[in-house]
Amino acid sequence: MSYIGIIVGSVFASNALLTYGLGSVPAKNDARDREATWRLAAALALVCVNAIASTFLWAVHSLLLFPLGLESLDILFFVLIAVPVLKFISRSASDSNGGLLSRVGARADDLIVGSLVFGIALIVARSGFSLPEALAASVASGLGYWLAFAILESIRERLDLSDLPRPIKGEPAMLISAGLVALAFMGVDAVFIQGLAG
């Protein structure tokens, strides 16, 4: 599959939030944070952490575990090796004096232990991609997560302002909306992407 197909597939057809349900709790908790620089820091942190984690897990999976026939140990290796390395990098960035870099580091520290980064890294490592393809897929997955998050946040704001019947107001309306957005994203399936991008 071409890089365009991998990117479009990772953003839409294999969206981490809408297809796999990864990162749904942070998405709900962060929805009340309206500061633009914090959102930018969170998006940058997610993309950076995804790229590092997916590259690391791909290397361990493809270069170490697969030749030895120990692919099932990739979760253990990620937890014992990648998480401490990523924590060190994020804490180093958060201790810096820069405003945005410090926020990116602080947000990355929160993301590392979540299911989102681990899930994306695991999906990418087990997909059979080469290293550049795995890197493209992990970055696109992070961007796809934030695209879905931004769409759902926009819908949530509009639902708060709309006049809905009491039984459907709030969480039920948001759940229905999330399902419809997920159906729209999944409409961009692998067959369509392969026909489009080769």
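The values are calculated or read from the model by the stated rules, or taken from the named source; none is laboratory data. Here the structure is a predicted model, which means the values were calculated and not measured. Neighbour counts run over all protein chains shown; Cβ positions are idealised from the backbone, glycine included.
Yes or no: region 169-189 includes at least one residue that is at pLDDT below 90, of a type in the set (Val, Ile, Thr) and at negative phi.
yes
Looking at 59, 16, can you tell me which residue is within 21 Å of residue 129 (Cβ to Cβ), at pLDDT 85 or above and surrounded by fewer than 19 Cβ atoms within 10 Å (Cβ to Cβ)?
Numbers: 16 fails: surrounded by fewer than 19 Cβ atoms within 10 Å (Cβ to Cβ).
None of the other options fit; the residue is 59.
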